[in-house]
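Visitor: If you scroll down you'll find the structure; I have some questions about it.
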Amino acid sequence: TADLAIGNPSTDSPYRGANAGYHSRILKESETASPGYYSVYLYDHAVRAELTATTRCGVHRYTFPEGAEPSVLADLQRSNERVRGWEIRKVGDNTFAGWQRTGETMYFYAVANRPVTGVEPVREGDREIRIVRFGEGEGPLELRIGFSFVSEANARGNLEAELLGRSFAEVRQAAADTWNDLL
């Protein structure tokens, strides 16, 4: 999965992380977490990042400052396991897809609520990452991402089966309901 590159803890600052490269400091007080939901304010970029999920999909919502050009860092070389290969590419007007291979290959298919204007390679030290850039649109940037260990087509199918016609709030509530039912 993509890494938002938030940074490492710092003892000499009220923030976690350091303002270096694509990292961002965060205020611990800005974090909100509950079953099926996470939110944090990325201080250096003035972006509110929110995440929720289904069984095989994730929904990201990013609220950018007015006038900002929305973009998301995709660091597929980073994982809890050794990454042996990866790819990310634009596949449609508002879609991008790819895969990451560690022990197994994880495929993903993502649909944005605004146009994808490009997937650009960027060097960060000895590593290459990707910046996914988006065009203009109303409200926060939302990404709906399906995942599969089988294929990109299955990732798209999972996205269509689990997220089609559901809002961020509905997905978040369903995740909380699932958690409560299991308890």
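The values are calculated or read from the model by the stated rules, or taken from the named source; none is laboratory data. Please read all numbers here as calculations on a predicted model, not as lab measurements. Here the Cβ positions follow ideal geometry from the backbone for every residue, glycine too, while neighbour counts run over all protein chains shown. Ligands, DNA and RNA are excluded from the accessible area calculation, which covers all protein heavy atoms including side chains. Shrake-Rupley method; radii C 1.70, N 1.55, O 1.52, S 1.80 Å.
Visitor: Carbon and sulfur together cover what percent of the accessible area of the stretch 75-123 at a 1.4 Å probe radius?
Guide: Here it works out to 42 percent.
Visitor: How much length, in nm to one decimal, is gained on full extension between Glu136 and Thr178, taken as 0.36 nm per residue of separation minus their Cα-Cα distance? Provide the component values of the computation, followed by the final result.
Guide: Details: separation 42, 0.36 × 42 = 15.12 nm, distance 3.45 nm.
The Glu136-Thr178 span can extend by a further 11.7 nm.
Visitor: Bins of 5 Å, beginning at zero and ending with the bin holding the largest distance: percent of Cα pairs per bin for the chain, please.
Guide: Using 5 Å bins, I get a P(r) of 1, 8, 15, 19, 21, 19, 11, 5, 1, 0 for the chain.
Visitor: State in Å² the accessible area per residue of the chain; use a 1.4 Å probe, count heavy atoms of protein chains only, and round to the nearest integer. Intermediate values should be presented prior to the final figure.
Guide: Details: 10240 Å² over 183 residues.
Using a 1.4 Å probe on heavy atoms only, each residue of the chain averages 56 Å².
Visitor: For the stretch 79-176, what is the charge dipole size about the Cα centre, in debye to the nearest 20, if Lys and Arg each add +1 at the Cβ and Asp and Glu each add -1 at the Cβ?
Guide: So the magnitude is around 160 debye.
Visitor: Could you work out the Rg to Rh ratio of the stretch 84-183, with Rh taken as the Kirkwood radius (inverse of the mean 1/r over all Cα pairs)? All intermediate terms of the calculation are to be shown ahead of the outcome.
Guide: Values: Rg = 15.5 Å, Rh = 15.1 Å.
Reported Rg/Rh (Cα atoms, Kirkwood Rh): 1.02.
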